[in-house]
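The values are calculated or read from the model by the stated rules, or taken from the named source; none is laboratory data. Note that the structure is a prediction, hence the values are computed from the model and not measured. Because the Cβ atoms are built from the backbone with ideal geometry, glycine has one as well, and the counts that use them run over all protein chains shown. The protein model used for the area step is the full one, side chains on, heavy atoms only, and it has no ligands, DNA or RNA in it. Shrake-Rupley method; radii C 1.70, N 1.55, O 1.52, S 1.80 Å.
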Protein chains: 4
Amino acid sequence: MIDPTLIEQLVEFRQVRNWEQFHKPKDVAISLSIEAAELLEWFQWRTDEQIKQQLASDKRQLLEDELADVAIYLSYLCHDLDIDLTQAIKNKIVKNDKKYPIEKVKGCADKYTEYS
Amino acid sequence: MIDPTLIEQLVEFRQVRNWEQFHKPKDVAISLSIEAAELLEWFQWRTDEQIKQQLASDKRQLLEDELADVAIYLSYLCHDLDIDLTQAIKNKIVKNDKKYPIEKVKGCADKYTEYS
Amino acid sequence: MIDPTLIEQLVEFRQVRNWEQFHKPKDVAISLSIEAAELLEWFQWRTDEQIKQQLASDKRQLLEDELADVAIYLSYLCHDLDIDLTQAIKNKIVKNDKKYPIEKVKGCADKYTEYS
Amino acid sequence: MIDPTLIEQLVEFRQVRNWEQFHKPKDVAISLSIEAAELLEWFQWRTDEQIKQQLASDKRQLLEDELADVAIYLSYLCHDLDIDLTQAIKNKIVKNDKKYPIEKVKGCADKYTEYS
C-alpha cells in the first residue's frame, strides 16, 4: 500500500532531524490514534448535509491534511516494524470474506452493526 | 498511496453486501478512530521490551490485522471523498518541511515534543 | 467529582491484585482513550433513531459498562496524579464562560462548531 | 459520581447558549473520545521521567484542563441519557471482581495484559 518513494521521503525527513529516537512503536501507535481523533474532529457536531458543504469549501484542505497525518504515522509504523501493509490488507479481506458471508449478511442490512 | 486493485476489491466487498448505505463519511471516520484505538490496544500496558517480544511471537498476526483495519477505513474514506492520498501526503511533507526547519529542530531533539 | 468511597474501592481492587505496577500515568491515559473508543463503538453506524431504540433495549447495560470503564480510568488518573477533578471542572467552566460569551455565541448557533 | 451542583452548572452553561440542539448522544460520545485523545497528547512522546517533570511544571494546568474536558462530556452524556454513573461504576466493580479473581491474577502479574 505504501508508495516506496514516499516512505523513503518520510524516513529521510525523520532522519535528518534526528527524530528516530522518539519513534518507539508504542509512541507511533499513540500518535496514529491521536491523529485519527483529529481527523474525526473535522466531522464533529456536523450533520451529513453540513459535511457535504464543508467538503466543497476551503476546509477540504484541512481534511486532506488530517488524512495525510494518519497515513504518515501508519506508514512509519509499518516501515519500522517491517510489515507489508498491502499483504496485511489482502489477508484481512480474505478473513472478512469468511467472517461476513454474502448470503448471510446481504438483505439483512439492518443487522450490519451486529456483523461489523 | 492506495493500490488501485485493492481499493477495487474493498469497494466490491462492500457493494456485494449492500453495505455502502452505512458508510457515511462521518461513520467511516468514527470507525477509523475506533480501529486506531484497537491498534493501540496491542501496545497497551507493555514496555518496549515486551513489545519487541510480542513482535516475534504469534501475536504479530493480530497487529497486522489491526493495521490492515486502519488502512481499510482510511482507504474507504479517501475513495468515497475522492481524495488522492498520495498527493495529500506529498503536500503534507512539504508543509512539515517548512514547519520544522532542520537547522532549528536538529540538535535540540529534546524539544521534539514542542515541535510536533 | 469522584466519590471518595468508590475511589477507595478502586484503589483497593488494584492493590490486592498487585496491579499498581502497571498503572503508569501514560498507560492509564492510553487506557482511558481506548475505553472512550469502546464507548463510541456503542454508537457506531447507528442513526439517532436506532440509538434511541438501543437505549430502551437490553443493550443499555453495555453502554453503562462502557461509561463506567471511562470513569474508572479517569478516577485512577486523577487519584494517582493527585488532581482534584471537581476543582478542575470548576476552573474549566470559568474559562469556557469567558471563551464563549453568551451574547456572542447565542443566536448564531450554526457557528457552534467554530467556537467549540 | 457527578456532583449535582456541577452538573446543574454544566446544563445551564449549555442552555443559555442554546447549545442543547448540538448535543445528540452520538456527537457527545464523539467529543468524549476526541477529548480523551487530547488528554493522551499531553503524554505523547514523553518518557515516564519527563512526565514526572511535566507534572511539576506549569504544564500541569493543561493536564487538569484536559481531564476536566473528558469529565464534562462524560457528565453531559450520563445526564442526557439518565444514567447513574456512580451506580454504573459500582456494578462494574462487582463484575470486574468476578472476572479477575484475586487468587488467579495475583502473583502472575506479568500476565496482567491477558486479563485486562
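Once the C-beta distance of residue C:18 and residue B:18 is scaled by a Förster radius of 45 Å, the resulting FRET efficiency is 0.35 to the nearest 0.05. Between the Cα long axis of helix D:85-99 and the first principal axis of chain D there is an angle of about 20°, rounded to the nearest 10.
Interface residues of segment A:77-94, defined as those with an accessible-area decrease of at least 20 Å² between the chain by itself and the complete set of protein chains (probe 1.4 Å), are A:77, A:81, A:83, A:85, A:86, A:88, A:89, A:90, A:91, A:92, A:93. Only protein atoms count toward the accessible area here, which uses a 1.4 Å probe; on chain B, the carbon and sulfur part of that area reaches 48 percent. Bridgeable lysines around residue B:106 (alpha carbons under 23 Å apart, same-chain partners fewer than 8 residues away excluded): A:24, A:26, B:90, B:92, B:95, B:98. A simple spin-label model places pseudo-atoms 7 Å from Cα toward Cβ; at residue D:103 and residue C:82 they are separated by 3.9 nm. Residues A:16, B:70 ordered from highest to lowest accessible area at a 1.4 Å probe: A:16, B:70. Accessible area of residue A:75 (1.4 Å probe, protein heavy atoms only, ligands and nucleic acids ignored): about 0 Å².
Find the accessible area per residue for segment B:15-116; the probe is 1.4 Å, ligands and nucleic acids are left out, and the unit is Å². Don't skip to the answer; put the middle values down first.
Numbers: 4500 Å² over 102 residues.
Here the residues of segment B:15-116 average 44 Å² of exposed surface.
Once backbone amide H atoms are built at 1.01 Å from N, residue D:83 has no partners under 5 Å, excluding neighbours fewer than 5 places away on the same chain. The magnitude of the dipole of segment B:11-116, with charges of +1 and -1 set on the Cβ of Lys/Arg and Asp/Glu and taken from the Cα centre, is near 520 debye.
Quick one: check the C-alpha center-to-center distance for segment A:25-94 versus segment B:13-73, whole angstrom. Each part reduced to its Cα centre gives a spacing of 12 Å.
Multiplying each eigenvalue of the alpha-carbon gyration tensor of segment B:27-77 by 5 and taking the square root yields semi-axes of 24, 11, 6 Å, largest first, rounded to whole angstroms. Placing +1 on each Lys and Arg Cβ and -1 on each Asp and Glu Cβ, with no other charges, gives the protein assembly as shown a dipole about its Cα centre of roughly 0 debye. To the nearest ten degrees, helix B:4-16 and the longest principal axis of the Cα atoms of chain B are 40 degrees apart. Under 15 Å from a point 7 Å along the Cα-to-Cβ line of residue D:95: which residues of segment C:69-107 have their amide N that close? Residues passing the 15 Å test: C:69-73. With the gyration tensor restricted to C-alpha atoms of chain B, the semi-axes of the equivalent ellipsoid amount to 30, 24, 12 Å, longest first. The sum of -39500 (n - 2.57) across all DSSP H runs of n ≥ 4, divided by the residue count of chain B, sets its helix-only mean residue ellipticity at 222 nm to -22500 deg cm²/dmol. List for segment A:28-45: residues with 40 Å² or greater reduction in accessible area, all protein chains versus chain alone, probe 1.4 Å? So the qualifying set is A:29, A:30, A:33, A:34, A:36, A:37, A:40, A:43, A:44, A:45. Each residue of the protein assembly as shown gets 157 Å³ once the volume of the Cα convex hull is shared out per residue. Across chain A, the mean sequence separation of Cα contacts (distance under 8 Å, 6 or more residues apart), normalised by length, yields a relative contact order of 36 percent. Between the helical axis of D:25-43 and the longest alpha-carbon principal axis of chain D there is an angle of about 50 degrees. In the elastic network of chain C, a GNM with C-alpha springs shorter than 10 Å, the most mobile of C:80, C:69, C:97 is C:97. Chains B and A together bury roughly 6100 Å² of accessible area, counting both sides, with a 1.4 Å probe on protein heavy atoms only.
Ordering D:5, A:86 by accessible area with a probe of 1.4 Å, largest first, what comes out?
These residues rank, largest area first, as D:5, A:86.
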